[in-house]
């Protein structure tokens, strides 16, 4: 697959317009309805109100996320596509390791994220040529080198807001009165599953509230930054146990 090099220089609206024009119904926005995702939904809906939007319902989301999904449906007329993890995989994982296995050690937390997020995303993407996510380079050291456009396994992954600052996100939200996640006003700049997210304290990074009990390691679930080394090997073993244990 050959993509024009100039795509990396396009502003966010132009990049979304390019994707909608080139891929049509084979393109979608993937979001958990945090500020960046809401900016993309608002931006894309202004270009084409038939844009596809999907979210992964891990089964552990806060109620405020569901409320915002309903608000998006009402505001933009978008039929948000809900993606669920495989119930058999979740059942086997929780039966073997417990419902709250993520508190035990990092490998189990990565396993939970893999079963509830990564594998559902992989299945959803089978029917797509391209998707967009709300990553920004200044969110964390792990995301500092994120490209606006990259080819992964034969599909195109877009991060239209990669070069945006938090202030730019805020300005768009205010200018267009974009719906916002209710937890943001309570000190949650980054929002994931309910038991794995807390409000951040003054001076902490945006993602400090994610898996806050972990003192070391990447604050990533595996959707965007793939584990490597020993963690990758541990995760592979744990996932294989879940897949064959039935």
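The values are calculated or read from the model by the stated rules, or taken from the named source; none is laboratory data. As the structure is a prediction and not an experimental result, all values here were calculated from the model. Cβ sites come from the backbone with ideal geometry, for glycine too, and all protein chains shown count toward neighbours.
Numbers for the structure displayed
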item: Some residue of the stretch 135-144 being more than 30 Å from residue 97 (Cα to Cα), under 17 Å from the mean Cα position of the chain (by Cα), free of Cβ contacts under 8 Å to residues at least 40 places away in the same chain and outside any helix (DSSP H, G or I); result: yes
item: Residue match in the stretch 223-236 (condition: buried (at least 17 other Cβ atoms within 10 Å of the Cβ) and at pLDDT 85 or above); result: no
item: Residue in the stretch 131-138 that is in contact with a strand residue (DSSP E or B) (Cβ under 6 Å, 6 or more places away or on another chain) and more than 21 Å from residue 206 (Cβ to Cβ) present; result: yes
item: Selection count where residues are over 13 Å from the mean Cα position of the chain (by Cα) and surrounded by fewer than 23 Cβ atoms within 10 Å (Cβ to Cβ), scope the stretch 150-161; result: 7
item: Considering residues of the stretch 162-182 that are under 18 Å from the mean Cα position of the chain (by Cα) and in a helix (DSSP H, G or I) only, the residue surrounded by the most Cβ atoms within 10 Å (Cβ to Cβ); result: 169
item: Residue that is surrounded by the fewest Cβ atoms within 10 Å (Cβ to Cβ), among those in the stretch 79-100 that are under 25 Å from residue 125 (Cβ atoms), in contact (Cβ under 8 Å) with a residue 40 or more places away in the chain and out of contact with any strand residue (DSSP E or B) (no Cβ under 6 Å at 6 or more places or on another chain); result: 88
item: Conditions (1) closer than 14 Å to residue 112 by Cα; (2) surrounded by fewer than 16 Cβ atoms within 10 Å (Cβ to Cβ); (3) at pLDDT below 80; number of the one not met by residue 245; result: (1)
item: Where residue 46 falls short, out of the listed (1) surrounded by fewer than 22 Cβ atoms within 10 Å (Cβ to Cβ); (2) within 15 Å of the chain's Cα centre (by Cα); result: (2)
item: Selection within the stretch 190-216 - touching a residue at least 24 places away in the same chain (Cβ under 8 Å), closer than 19 Å to residue 35 by Cβ and either in contact with a helix residue (DSSP H, G or I) (Cβ under 7 Å, 6 or more places away or on another chain) or assigned to a loop (DSSP other than H, G, I, E, B) (or both); result: 190, 191, 192, 193, 196, 205, 206, 207
item: Spans of helices (runs of 4 or more DSSP H) in the stretch 30-115 with at least 1 residues farther than 18 Å from residue 211 by Cβ; result: 35-47, 63-76, 87-97
item: Conditions (1) surrounded by fewer than 16 Cβ atoms within 10 Å (Cβ to Cβ); (2) modelled with pLDDT of 95 or more; number of the one not met by residue 57; result: (1)
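Let's see how each residue does on (1) touching a strand residue (DSSP E or B) at 6+ places or on another chain (Cβ under 7 Å); (2) over 19 Å from residue 138 (Cβ atoms):
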site: 160; (1), (2): yes, no
site: 164; (1), (2): no, no
site: 170; (1), (2): no, no
site: 173; (1), (2): no, no
site: 182; (1), (2): no, yes
site: 194; (1), (2): no, yes
site: 199; (1), (2): no, yes
